[in-house]
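K.L.:
Before anything else, here's the structure in question.
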Amino acid sequence: MTISITCQVNGTNVSLDIEPRTTLVDALRQNLGLTGTHVGCAHGSCGACTVLLDDHAIRGCLMLAVQAQGHAITTIEGLSNPETLTPLQASFRKHGALQCGFCTPGMVVTAHAVLRDNPTASADEIRESMSGNLCRCTGYVTIVEAVLDARPAYQTPANQESPQ
Ligand code: FES
Ligand code: FES
């Protein structure tokens, strides 16, 4: 049995016929080919599957795709620019804030939401807001440094929606 839903993904209206048990992250990856969003623990602990739902950072593994009916989803692809790195991505590279990169899409999506809501976030605020995103190889010092360094890109009104 499948259920038909319509939602917006990265600014584009999409229709999906999907099994009720399919998680949002599986629908994004398998039905829409948006494999930038990763699946780590698949039970809400690691943050690798973080996407924006109506601009709120959520875990795609904890939400059923059918619950996205009528909502707007933004994935790491929607926060990226094919021409160049975004300021946040460039800052992650500058600070060496990744090794294997598995956690990075979730980190970047969460960091985007944090800085959009609080463009002057302190290191402690960034640590607390991103504490649900786990990295198994880099450690967190360089990640926090990268997010701190990206703050100016979010401090002008025109850039707060999606600095790309
Ligand atoms: S894969 Fe969703 S929180 Fe780990
Ligand atoms: S860079 Fe490998 S898990 Fe974070």
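The values are calculated or read from the model by the stated rules, or taken from the named source; none is laboratory data. Nothing here was measured: the structure is a model prediction, and the numbers come from that model. Reconstructed Cβ throughout: ideal geometry from the backbone, glycine too, with neighbour counts over all protein chains shown.
K.L.:
Tell me which of these GLN30 doesn't satisfy, since it passes every other one: (1) under 24 Å from ALA153 (Cβ atoms); (2) outside any loop (DSSP other than H, G, I, E, B); (3) of a type outside the set (Gly, Ala, Ser).
P.N.:
(1)
Every residue, every condition in (1) surrounded by 20 or more Cβ atoms within 10 Å (Cβ to Cβ); (2) under 28 Å from ARG136 (Cβ atoms), yes or no:
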| site | (1), (2) |
| --- | --- |
| VAL14 | no, no |
| SER45 | no, yes |
| CYS49 | yes, yes |
| HIS71 | no, no |
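K.L.:
Of all the helices (runs of 4 or more DSSP H) wholly in the range 64-164, which have at least 1 residues that are in contact (Cβ under 8 Å) with a residue 40 or more places away in the chain and within 13 Å of the chain's Cα centre (by Cα)?
P.N.:
Output list reads 87-94, 104-117.
K.L.:
Considering each residue of the range 29-43, count those that are surrounded by 14 or more Cβ atoms within 10 Å (Cβ to Cβ) and within 21 Å of GLY132 (Cα to Cα), and give that number.
P.N.:
The qualifying residues number 7.
K.L.:
Continuing with the same structure: Which residues, taken from the range 43-60, are touching a helix residue (DSSP H, G or I) at 6+ places or on another chain (Cβ under 8 Å), of a type outside the set (Asp, Glu) and in a loop (DSSP other than H, G, I, E, B)?
P.N.:
The answer is CYS46, GLY47, ALA48, CYS49, GLY60.
K.L.:
Now a separate question. Is there a residue being surrounded by 18 or more Cβ atoms within 10 Å (Cβ to Cβ), modelled with pLDDT of 95 or more, more than 25 Å from LEU34 (Cα to Cα) and not hydroxyl-bearing (Ser, Thr, Tyr) anywhere in the range 90-98?
P.N.:
yes
K.L.:
Right, another one. Here is a list: VAL114, VAL141. Which entry is over 17 Å from GLY40 (Cβ atoms) and touching a Ser or Thr at 6+ places or on another chain (Cβ under 6 Å)?
P.N.:
VAL114
K.L.:
Taking into account only those residues within the range 11-27 that are in contact (Cβ under 8 Å) with a residue 40 or more places away in the chain and either more than 18 Å from ASP55 (Cβ to Cβ) or outside any helix (DSSP H, G or I) (or both), which is nearest to ligand 1 (Cβ to nearest atom)?
P.N.:
So the residue we want is THR23.
K.L.:
Answer with yes or no whether GLY101 is farther than 17 Å from ALA153 by Cβ and within 13 Å of ligand 1 (Cβ to nearest atom).
P.N.:
Spelling it out, it is not the case that GLY101 is farther than 17 Å from ALA153 by Cβ and within 13 Å of ligand 1 (Cβ to nearest atom).
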